[in-house]
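One structure is given below, encoded as structure tokens.
Readers should treat all values here as calculations from the given coordinates under stated rules, not as data from a laboratory. Everything numeric here is computed off the predicted structure, so don't read it as measured data. Glycine gets a Cβ as well: all are built from the backbone with ideal geometry, and neighbour counts include every protein chain shown.
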Amino acid sequence: MTDSPRRWRIGPKVAYEFVDDEAVALDLQSGTYYRLNPVAASAWRLLVKSTVLDELVDGLLEEFDIDRDRLEADLSELFVDLERYGLVTPEA
Amino acid sequence: MARPASHDSTSARTGHDLLLELLRNLFCSDEARRVGEEVAALEEREVADLLALSWRQEIGPLVARELMTMDELPDDARREARGIYERNLARNLFLRAETFAWIERLEQAGIPCHALKGVFWSSLLYGDLGVRTSADIDLLVRPEQRESATRLAARLGFEPLHPAAPSDSDLNAIHLERGDGGACYALDLHWCVELPRLVPFDHAVFWSGARDAENLPLDLVGVVLCLHLWRHAVTLKTLVDFAAYVNRFDAHIPEVKRRLAEARVGDGLDLALILARRVLGVRSRYTPERHPKEIVLPWLERCLRVPFVERGRYFKWLVFPLQFDGLTLPVRRYASHLVRPGARDGRLHLGSRIRRVARVAARAAFSSGRIAARRDGDR
């Protein structure tokens, strides 16, 4: 966990829109779009406001009844996936 | 973008009734229509037909979004509707980014511009980026900068498909495409919102005061919408756009009316308001009770059932003049447009122009007859 990036941001070539409780994110370079499920969309909504992982975890804990460590691990895993799709990038 | 399966003429007839009911529900949900139950009673194939029909009418994503909200919709149909909506949303996300990029490129070259129509209308009119289809990026530049803008676009690979005389003062826009097919959209550079001899609109108002390129004042949006409606010969898509504007921004209608009346196309707004009320149930406080030209409305209502691509190339020239004020102005405006000096040599070329007018009139009449025959066939 400690090796995981502590800050993430939305990729510069990504456009997105929230649809109901989900979101659609488009990689503008590849033209591929992804549907984010409600949990991922909630994380994305927080990511628009803050890049700090701890703040994202705090925000999500207000929405979901889940253990903090578990949430942080899941969130890191989600961002690694999103990074693979080119949707987010880690910040130094 | 994948389109659902095609449909036969019988399903098109019943489909159009349901489609219009669905659209009325979109604007007048307080009337508690039973469209949800009707949709729930449809078989999967019939829902696919409805979506196909709405695609042909260029309102597929709007109808898909409406269907997505209906609890009664079968799961497979909901997935189909969601796919249509999401693909359009993704395309509009791309077009929005491209539009911003063009605005920035032009402004960096000292060419201010305004986004006309396009993806911004989806959010403005419907509050949803994904519901309105857009094929092109339309930008308005100052007339004196049209050639600079065209050269800039050419440097990025966007060239006119049919090179027109660049000095032709009767044009209002130029259609540019990437010759190598490297873009999935065309760029339309406008310097007037309509052909200047037909609609002599004072464009100074577009350039007065500081404003964002993507946010025209709402009264000018209304002006462009109304002119767009008649340019496309009152299609279902353009009428729905207009109705959405009235639904949201009715308070701006008097200012729209004033501006259009100055260009002597106020009849177009009045007829559009009456048609939006008749067909979609959208009521404006400024809809006239009566209008001398309302005799044409039943015909226009029938035309709404024929998608733009199926109307024939010249059909719009029958509908277009209805927006001009009075009964003689359409003839005078058409005459001044069709019998104008040539852009290249300044000569009238009366013989060839008269032949062209006759050809256009014959083809327009043929299209009209075909639409009428199709309607009789549907009966």
- Message: What's the magnitude of the charge dipole for region A:13-86 around its Cα centre, counting Lys and Arg as +1 and Asp and Glu as -1 at the beta-carbon? Answer in Debye, nearest 20.
- Response: 440
- Message: If you filter region B:22-130 for GluC sites (Glu not before Pro), then keep DSSP loop positions with at most 15 other Cβ within 10 Å, what is left?
- Response: B:Glu43, B:Glu72
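Starting from the coordinates of the alpha-carbon atoms of region A:13-86, obtain the Kirkwood hydrodynamic radius over all distinct pairs and give the value in Å to one decimal.
Kirkwood hydrodynamic radius for region A:13-86: 12.7 Å.
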- Note on the structure: So for R0 = 35 Å, FRET eff. of B:Arg356-A:Gln29 from the Cβ-Cβ r, to 0.05, ends up at 0.15
- Message: What does the net charge come to around B:Val141 if you take all other residues with beta carbon closer than 13 Å to its beta carbon, with K and R at +1 and D and E at -1?
- Response: -1
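Are there GluC sites (Glu not before Pro) in region B:284-336 that DSSP marks as loop and that have at most 11 other Cβ atoms within 10 Å, and which are they?
Taking region B:284-336 and a limit of 11 other Cβ atoms within 10 Å, the loop GluC sites (Glu not before Pro) found are B:Glu289.
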- Message: Considering only C-alpha atoms, what is the centroid distance from region A:31-92 to region B:200-256, in Å?
- Response: 40
- Which chymotrypsin sites (Phe, Trp or Tyr not before Pro) in region A:3-92 pass both tests, a DSSP loop state and at most 16 other beta-carbon atoms within 10 Å? A:Phe64, A:Tyr85
- Dipole-positive endmost among B:Val39, B:Phe242, A:Leu78 within the protein assembly as shown (Cβ charges, Cα centre): B:Phe242
- Order of B:Lys316, A:Lys49, A:Lys13 under a 10 Å beta carbon neighbour criterion, fewest first: A:Lys49, A:Lys13, B:Lys316
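Do the alpha carbons of any pairs in A:Lys13/B:Lys257; B:Lys117/B:Lys293; B:Lys257/B:Lys316; A:Lys49/B:Lys117 sit beyond 32 Å of each other, and which pairs?
A:Lys13/B:Lys257
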- Coordinate range along principal axes, alpha carbons of the protein assembly as shown, Å, largest first: 83, 56, 41
- Query: For region B:109-262, what mean projected area does the convex hull of the alpha carbons give, in nm²?
  - Reply: 9.6
- How big is region A:1-42 by Rg and Dmax over its Cα atoms, in Å? 12.2, 34
- Charges only on Cβ, +1 for Lys and Arg, -1 for Asp and Glu: so what's the dipole of the protein assembly as shown about the Cα centre, in debye to the nearest 20? 3560
